[in-house]
Amino acid sequence: MKVLVRAFAALCLVALAACGKPVVLAPLAEVQARAYHHPGPPALTLYTVINNRSGSGAHTALMVSGSQRVLWDPAGSFKVPFVPERNDVLFGMTEQARKIYIDYHARETFRIVEQTVEVSPETAELALKLVQEQGNAGDATCSLTTSRILSKLPGFEGFPVSWFPVKTMEAFAARTGVQGRTITDDDADENHGVLIRATEAPPNTF
């Protein structure tokens, strides 16, 4: 019986690995060239995409602003030419890229909850390190991997690790100093990501 259980567990791990999106590794030279430092204080911003019809969470992502600003977008589908990706970490998260990311997700059927908390420079640098070490995330593990990263940061001790984006969002909201807002957009679903198709414009034009 134990042998069967182990065999079943191994098959599950293989299936989970197979269902993840292909690994994306932009050249390091491009990543370094696109690196963006936001002038604001070091901060973490949690993005939660919520289905307007069911109220269930559809996606979790974490923007880290420290010596550079990146977006941990586990198993995400967001792609623009001037935002290089390595293992689900999006580099060069300028204000233009951030606005396009929001527009890409917010539409008539989905809203985004944006929650930001200022952190120490040391915490921001640790978060930058952890998201880059995490590696490519499997499908449906956006909340799991993000909450696991948060649980390793100072000030987030005991942060619950959860598969569910809304639970991760609620736990993040309980942190002291978190500022949040809900972003809605009445774009029809067929216009989903309309700005992402208009990215021939150079970066930082927004």
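The values are calculated or read from the model by the stated rules, or taken from the named source; none is laboratory data. None of these values were measured; they are calculated from a predicted model. FYI the Cβ positions are ideal-geometry reconstructions off the backbone, even for glycines, and counts take in every protein chain you see.
Got a sec? Which of Pro154, Pro81, Pro121 is surrounded by fewer than 16 Cβ atoms within 10 Å (Cβ to Cβ) and either at pLDDT below 95 or hydroxyl-bearing (Ser, Thr, Tyr) (or both)?
Exactly one residue qualifies, and that residue is Pro81.
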| field | Qualifying residues in the range 124-149 (those that are in contact with a Ser or Thr (Cβ under 8 Å, 6 or more places away or on another chain) and within 19 Å of Ala58 (Cα to Cα)) - the one modelled with the lowest pLDDT | value | Ala137
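If you go through the range 170-196, how many residues are among the small types (Gly, Ala, Ser) and either modelled with pLDDT under 95 or more than 21 Å from Leu46 (Cα to Cα) (or both)? Explain how you work it out, then say what you get.
Initial filter on the range 170-196 (among the small types (Gly, Ala, Ser)): 171, 173-174, 177, 180, 188, 193.
Narrowing further to those that are either modelled with pLDDT under 95 or more than 21 Å from Leu46 (Cα to Cα) (or both): 188, 193.
Summing the residues that are among the small types (Gly, Ala, Ser) and either modelled with pLDDT under 95 or more than 21 Å from Leu46 (Cα to Cα) (or both) in the range 170-196 gives 2.
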| remark: Of the candidates Tyr47, Tyr36, the one satisfying the condition of being of a type outside the set (Asp, Glu), surrounded by 14 or more Cβ atoms within 10 Å (Cβ to Cβ), part of a strand (DSSP E or B) and at pLDDT 80 or above is Tyr47
